[in-house]
1. Rg and Dmax of the stretch 40-118, using alpha carbons, in Å: what are they?
2. Out of all DSSP beta bridges in the chain, what portion is antiparallel? Express it as a percent rounded to 5.
3. Using R₀ = 35 Å, calculate the FRET efficiency as 1/(1 + (r/R₀)^6) where r is the Cβ-Cβ separation of Asp14 and Asp57; round to 0.05.
4. Show which lysines lie in cross-link reach of Lys87 when reach means a straight Cα distance below 25 angstrom and same-chain residues fewer than eight apart are skipped.
5. Pull up the cross-link candidates among the aspartates and glutamates for Lys80, meaning alpha carbon to alpha carbon under 16 Å and not fewer than 8 places away within one chain.
6. Can you give the FRET efficiency to the nearest 0.05 for Glu33 and Glu137, using r as the Cβ-Cβ distance and R₀ = 22 Å?
7. For the chain, treating each Cα as an identical point scatterer without solvent, what Debye log10 I(q)/I(0) comes out at q = 0.11 1/Å?
8. Starting from the amide H of Val71, placed 1.01 Å from N in the peptide plane, find each other amide H under 5 Å away whose residue is 5 or more places distant or on another chain.
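Please treat every number below as a calculation from the coordinates, not as lab data. Note that the structure is predicted; figures quoted are calculated from it, not measured. Here Cβ is always computed from backbone atoms with ideal geometry, including for glycine, and neighbour counts include all displayed protein chains.
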Amino acid sequence: MPRPAICVHPIPFDQFDGTEFERLVFAYHWRTEKWRSLEWYGQSGNHLGRDIWGVRDDQTQDGESVCIQCVNRETLTFAKVGKDIAKVLKAPNGVPQRFRIVTRSKISSKLRDKIKTHVKTLGVRECDTWSGPEFEEFLRHVLNPS
């Protein structure tokens, strides 16, 4: 018997406010990776660009500091990212080893490359950029791992 077709609908991130989006990103990270600490600075307001700050606790990434910036906007711009990164680097935590941007929008390859190059010139070892569609698939995998 043939299997029924499956249609995957996008998650309506545009219906989430900033706090709800950050909470979803925080919950995803808490449930999918091992952390020595994971703190959601963004829920309190004056967070100096640090929406989420964590220190990993696993064999392959032992002690890696990660700053996660949540951008629930229709369009991600380099100006927004640059401004947020500048704030993070002035915060008491210092320079993270990894900077991760999670946004609801799509991200062009040109913008990804520009962000990664910029971040590395500031002393950050790694930079990840997750578009809305990528984040959706990460969430789906957690809900239905194969």
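1. 12.8, 37
2. On the way: 9 of 20 bridges.
For the chain, the DSSP antiparallel bridge percentage is about 45.
3. Working: r = 34 Å, r/R0 = 0.97.
Rounded to the nearest 0.05, the efficiency is 0.55.
4. Once the sequence-local lysines are set aside, what remains near Lys87 is Lys106, Lys110, Lys114, Lys116, Lys120.
5. Cross-link targets: Asp51, Asp113, Asp128.
6. Step by step, r from the Cβ atoms, then E = 0.85.
7. -0.42
8. Residues meeting the criterion, in which the H sits 1.01 Å from N, are Val102, Thr103, Arg104.
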